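The values are calculated or read from the model by the stated rules, or taken from the named source; none is laboratory data. Just so it is clear, the structure is predicted and the values come from calculations on it, not from any experiment. As a convention, Cβ positions derive from the backbone with ideal geometry for all residues, glycine included, and neighbour counts pool all protein chains shown. Quick note on the areas: whole protein, heavy atoms, side chains included, nothing else; ligands and nucleic acids left out. Shrake-Rupley method; radii C 1.70, N 1.55, O 1.52, S 1.80 Å.
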Amino acid sequence: MTLLAPIFNATVESPTVPLTSQNILEVIGGEATSSGKNVTEQGVLGLPAVWRAVNVIAGSCASLPLHAYKPKGDTRVRASAPLLDEPHPDLTPFEFWETTYAHIALWGNAYLRVLRNELGQVSELWHIHPGRVRVGRTSETGEKVYAIDGGKEVLRDFNPKKPVQAATMLHIAGFGYDGVCGVSPIRAARQGLGLAMAAEEYGAKLFGSGSLATGVLQSEQRLSQEQADAIQARWKAKRTGLTSAHEVIVLDSGAKFHQLSIPPADAQFLESRRFQIAEIARMFGVPSHMLMDTERSTSWGTGIEQQSIGFVVYTLRPWLTRVEQRVSRLVRPHAAYARYAVEGLLRGDSAQRAAFYKAMWEIGVYNTNEIRALEERSPVDEGNTRYRPLNMGELGSTDSVSNQEASNV
């Protein structure tokens, strides 16, 4: 079995790329950016904006219920899918999917080893660190195969020297351009992220080096260390604390005080850090207010509400769809497909939900028990009857319905 080399000559995720020193540096994230910072998927989490963006996306997606459905007549019904209820023997469903989405957000790919029971049914899913996996296609059939490097694999029936077939892997790829694997957004934006990391380090060094001292006491006389310490102590005692406010300070030995301020060139890094927050928000598709940056937007009103709805529709929905379509292949033939229930993120307040449910009930989209299920309440008797409004044309053509009855309807 050979791999298709032409597809992968441009990516280090390919098993066919020779492990030259340059490629090794790229694989482990050792290649420095123009800012001089090494950007890796794990190291970039040290940026608070990246940490928050990944947590918002992974946590929001993982918190949504994932159900399996099968068709029944003209509608659909919930199907049994134990894999979705307990995908991992140790991790909770939230922890499992949060890790999965974090892998996609940082590495552009999530690799899950598929384990089956004695009946051939998928029973467990295990994460494999994306940094250890390389993927390619065979030249004979074009089937995906995976090579896993390094570490001691704990999964049963696994040989690290043998390529893993696609049937035993669940590969959820993010945005990509070759139809094989997703592109790591961290690597794609490493120059901008490197700039953000450099600005953060520069700020830390600026404060840590004492460049922001309040001022300098200067004397024309030569002072011993003891004399200098004594003048400094007297100065600090006279100007520190509320009781010393507005007091006159007397300096001897020809000492003069010079006030210091941040040079304009050094103060500019503060603005660059704010810009990098906007860049990170743009990269992940997360509204700036979700990264706790409300300087340029109001914290209240419909503007924030509409941004939040846009975040669900335009950012989370594509992420959820990727997982839904991949997981749907695992739950068959017991179910037709898997779907996330996103209503929880779009519910709004009580008044908005009531208006929405009323409108959906009046046009026959939801029945009473379906509305109660969305509110996590138990069904009621005769709650499965679906309301269907009759128009006046239908009433007029029915002899048994009088005008009075029509008006009552």
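Net length available on complete extension from Arg377 to Ser350 is 8.2 nm, with 0.36 nm assigned per residue and the Cα-Cα distance removed. The residues of region 34-171 expose on average 49 square angstrom of accessible surface per residue, using a 1.4 Å probe on protein heavy atoms.
A simple count of charges around Arg52, restricted to other residues whose Cβ falls under 15 Å of its Cβ and scoring Lys, Arg +1 and Asp, Glu -1, yields -1. Under 5 Å between amide hydrogens, built in the peptide plane, is the criterion, and for Ala79 it picks out Ala68, Tyr69, Lys70 among residues at least 5 positions away or on other chains. Across the protein chains, with a 1.4 Å probe defining accessible surface, the residues Asp381, Asp293, Asp74 rank Asp74, Asp381, Asp293 from largest area downward. Using a Förster distance of 60 angstrom, determine the FRET efficiency expected from the C-beta separation of Arg222 and Met292, and round it to 0.05. Once the sixth-power term is evaluated, E becomes 0.70. If R0 is taken as 60 Å, the Cβ-Cβ distance between Tyr387 and Ser34 corresponds to a FRET efficiency of 0.40.
Placing a pseudo-label 7 Å from each Cα along the Cα-to-Cβ vector at Gln42 and Ala359 gives an inter-label distance of 4.8 nm. Neighbours of Val365 by Cβ distance under 12 Å: Lys/Arg scored +1, Asp/Glu scored -1, total +1. Calculated from the alpha-carbon coordinates, region 312-383 shows an Rg and a Dmax of 15.1, 41 Å respectively. Here the calculated FRET efficiency for Ala230 and Ala204, from their Cβ-Cβ distance with R0 = 30 Å, stands at 0.40, rounded to the nearest 0.05.
For Val180, the amide hydrogen comes within under 5 Å of no other amide hydrogen, counting only partners 5 or more places away or on other chains and with H modelled in the peptide plane.
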